[in-house]
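To start, the structure itself, in structure tokens.
The values are calculated or read from the model by the stated rules, or taken from the named source; none is laboratory data. Note that the structure is predicted; figures quoted are calculated from it, not measured. When we count neighbours, we look across all protein chains shown, and the Cβ atoms used for this are built from the backbone with ideal geometry, even at glycine. The area values use the complete protein model at the heavy-atom level, side chains included, leaving out ligands, DNA and RNA. Shrake-Rupley method; radii C 1.70, N 1.55, O 1.52, S 1.80 Å.
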Amino acid sequence: MVPVIMLFSFIILTYNSSSYINVCLDSVLKIARDSIKNGESEIVLFDNASQDNTVTIAQNYAQKIKIQKSDKNLGYAKGINAASQYASGDFLVLINPDSRLIKFDFDKIKDEFVKESKLAAIGFEVEDFDSNKEKTAGKFFNHMTFLLYALGLEGIAGLRFSPSKRRYVD
């Protein structure tokens, strides 16, 4: 029997996310169900010392996800780094707890990383809870982009976008 290689670790960092974590988890479980069942994917939820019942809600999914808790709020970057220590996958998929995963092509994403040796990150489509596509990609800030954001012109200038095709940024 050929050993299964863990390819994808879906990482969800939470902090007081009780009002929407179940929708997020349900969406990831729906998309990744077969991959999780085959041992090729996992979901890691790392809680950043929530004061609400986020962890209690997440424990309803304990048979299907890994749950880790921090004693203090580490912030986003340190929280993601801490969460990644519990991940087994070759590819880390970061999903905000207030997002809903709508599609994820496992083979296509894996192939992109194999094909492009310098590739470090891939964006994908997510929706907010009003079914609007989240703008998950864009340019890094400089003085001009900051001004355009401050004036509310980021949409017109194309600074943030929802990836629908291959696009290189910065």
So which of Asn53, Asn81, Asn60 is at pLDDT 90 or above, under 14 Å from the mean Cα position of the chain (by Cα), open to solvent by 50 Å² or more (accessible area, probe 1.4 Å) and not small (Gly, Ala, Ser)? Asn81
Would you confirm whether any residue within the stretch 26-44 is at pLDDT 95 or above, more than 22 Å from Asn132 (Cβ to Cβ) and among the small types (Gly, Ala, Ser)? no
I'm trying to understand the selection: among the residues of the stretch 49-79, which are farther than 18 Å from Leu92 by Cα, in contact with a strand residue (DSSP E or B) (Cβ under 7 Å, 6 or more places away or on another chain) and part of a loop (DSSP other than H, G, I, E, B)? Ser50, Ser70
Can Ser35 be described as within 15 Å of Asp107 (Cα to Cα), touching a Phe, Trp or Tyr at 6+ places or on another chain (Cβ under 7 Å) and not hydrophobic (A, V, I, L, M, F, W, C)? yes
Go through (1) free of Cβ contacts under 8 Å to residues at least 40 places away in the same chain; (2) open to solvent by 70 Å² or more (accessible area, probe 1.4 Å); (3) of a type in the set (Phe, Trp, Tyr) and name the single condition Tyr76 misses. (1)
Can you name every one of the helices (runs of 4 or more DSSP H) wholly within the stretch 85-170 that holds 3 or more residues which are modelled with pLDDT under 75? 143-150, 154-157
Scan the stretch 84-102 residue by residue and report those that are open to solvent by 70 Å² or more (accessible area, probe 1.4 Å), in contact (Cβ under 8 Å) with a residue 40 or more places away in the chain and more than 19 Å from Tyr20 (Cβ to Cβ). Tyr86, Asp90, Leu92
Against the definition (touching a Leu at 6+ places or on another chain (Cβ under 6 Å) and either assigned to a helix (DSSP H, G or I) or surrounded by fewer than 19 Cβ atoms within 10 Å (Cβ to Cβ) (or both)), how does Val28 come out, yes or no? yes
On the basis of being under 28 Å from Val114 (Cβ atoms), over 13 Å from the mean Cα position of the chain (by Cα) and of a type in the set (Ser, Thr, Tyr), does Tyr86 make the cut? yes
Collect the residues in the stretch 1-25 that are open to solvent by 50 Å² or more (accessible area, probe 1.4 Å) and touching a helix residue (DSSP H, G or I) at 6+ places or on another chain (Cβ under 8 Å), keeping them in residue-number order. Tyr15, Asn16, Asn22
